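Report on the structure given below.
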Amino acid sequence: MMRVWVGLALNLVPLLFAPGVRADVFDQLQWLSMKDSHFIVYFQEERDTPIARKILREAEKYYQRIGTTIGFTRYGDFWTWDNRARIFLFASKETFLTETGQPEWSTGYVNKDAVAIIGRMIVTYRQEENFFDGLLPHEIGHLILHEFIKDARIPSWFDEGIAQLYEAGKPEQAFRAMKPLVSRGQFIHFRDLMRWDVQQQQDPFNVTLFYAQSVTIVDFLIKRYGSDAFGRLCRNMRDGKSLEEALDKVYPNTVPTLSDLEQKWVSFMTGR
Ligand SMILES: [Zn+2]
């Protein structure tokens, strides 16, 4: 039945859909889809074609930007033609919740993040606010990092720090919020930070603190010691080193240990 529908729809593509749009089936759902070098965007309604096109364009832009800054795309294109990441845009929050209530969709749903990531997929729904400047770069940051380093070796703060780097205005905002707190000694000690699971946190202040602190540490590392070194840090983790072993390897004279990193970060934040 599905096969008949697809065949029929494909024949009608030139008549029915905007350029680049095709009918598609994924996980037994009917979609419209559009693709570029690294991403396929699936969407449900023709009226969302302009949004889907913009998602695709922005996703490719963030892929280049995030990949270049953290040094992933410098050594060849690791997402091959056949291996595009999938972005699903449900037509409404209701459909999203109904469809993603299925176990195969709900696995990997991230508490704080308003979308789900499963494998090389981002799942979200049509929404007006904060998508292009916030959610999309955030989730693509996670996606690229997890694609490159296998999940087990990524401390949660490092993951969330990178994810927030390209959210519009996010690092600046986090620095403004954190500086007075760090001056008063109000921050998560890096030892503790390494074990932090934000999903276990109930206190909203702690959650905000965790996110803000995370992005300032990552941003500090990149700006102070350069994105080349940061790329080497990530590659060392990809090759099996823990974050601490990788720090020692990449920053032997500056921040070889977590406590060195904490000291340098604190003095940067407080100007002392
Ligand atoms: Zn996140």
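If I filter the range 189-197 for residues that are assigned to a helix (DSSP H, G or I), of a type in the set (Asp, Glu) and in contact with a helix residue (DSSP H, G or I) (Cβ under 9 Å, 6 or more places away or on another chain), do I get at least one hit? First the steps, then the outcome.
We begin by selecting, within the range 189-197, every residue assigned to a helix (DSSP H, G or I); these are 190-193.
Now drop any that are not of a type in the set (Asp, Glu), which leaves 192.
With in contact with a helix residue (DSSP H, G or I) (Cβ under 9 Å, 6 or more places away or on another chain) added as a condition, the list becomes none.
So far as the range 189-197 goes, no, none of its residues is assigned to a helix (DSSP H, G or I), of a type in the set (Asp, Glu) and in contact with a helix residue (DSSP H, G or I) (Cβ under 9 Å, 6 or more places away or on another chain).
Within the range 162-188, residues that are more than 11 Å from His138 (Cβ to Cβ) and among the hydroxyl-bearing types (Ser, Thr, Tyr) reach partners that are in a helix (DSSP H, G or I) and away from the ligand (no atom under 16 Å from the Cβ) with beta carbons closer than 7 Å, at six or more positions or on different chains, in the pairs Ser183/Thr270. Has the range 186-196 got any residue that is within 16 Å of the ligand (Cβ to nearest atom) and either closer than 29 Å to Phe131 by Cα or crowded, with 16+ Cβ neighbours inside 10 Å (or both)? Yes, because at least one residue in the range 186-196 is within 16 Å of the ligand (Cβ to nearest atom) and either closer than 29 Å to Phe131 by Cα or crowded, with 16+ Cβ neighbours inside 10 Å (or both). Beta carbons closer than 8 Å, at least 6 apart along the sequence or on distinct chains, pair a first residue in the range 18-44 that is free of Cβ contacts under 8 Å to residues at least 40 places away in the same chain with a second that is among the charged types (D, E, K, R) and in a strand (DSSP E or B) for Gly20/Lys35; Gln30/Asp24; Leu32/Arg22; Leu32/Asp24; Ser33/Arg22; Ser33/Asp24; Met34/Arg22.
Closer than 24 Å to Gly71 by Cα, within 16 Å of the ligand (Cβ to nearest atom), touching an Asp or Glu at 6+ places or on another chain (Cβ under 9 Å) and part of a helix (DSSP H, G or I) - does that describe any residue in the range 226-236? Break it down stepwise before answering.
Step one: list which residues in the range 226-236 are closer than 24 Å to Gly71 by Cα, which gives 226-236.
The next check asks that each one be within 16 Å of the ligand (Cβ to nearest atom); those that pass are none.
No, the range 226-236 has no match at all.
For the residues Ile55, Ile40, the requirement of being at pLDDT below 95, of a type in the set (A, V, I, L, M, F, W, C), out of contact with any His (no Cβ under 7 Å at 6 or more places or on another chain) and assigned to a helix (DSSP H, G or I) singles out Ile55.
Given the options Gly231, Gly226, name the one that is of a type in the set (Gly, Ala, Ser) and free of Cβ contacts under 8 Å to residues at least 40 places away in the same chain.
Working: Gly231 fails: free of Cβ contacts under 8 Å to residues at least 40 places away in the same chain.
Every option except Gly226 fails the conditions.
All conditions in (1) modelled with pLDDT of 90 or more; (2) within 13 Å of the ligand (Cβ to nearest atom) hold for Gly141, with the sole exception of (1).
The values are calculated or read from the model by the stated rules, or taken from the named source; none is laboratory data. Given the structure is predicted, the values throughout are model-derived calculations rather than measurements. Positions of Cβ are backbone-derived with ideal geometry, glycine not excepted, and every protein chain shown enters the neighbour counts.
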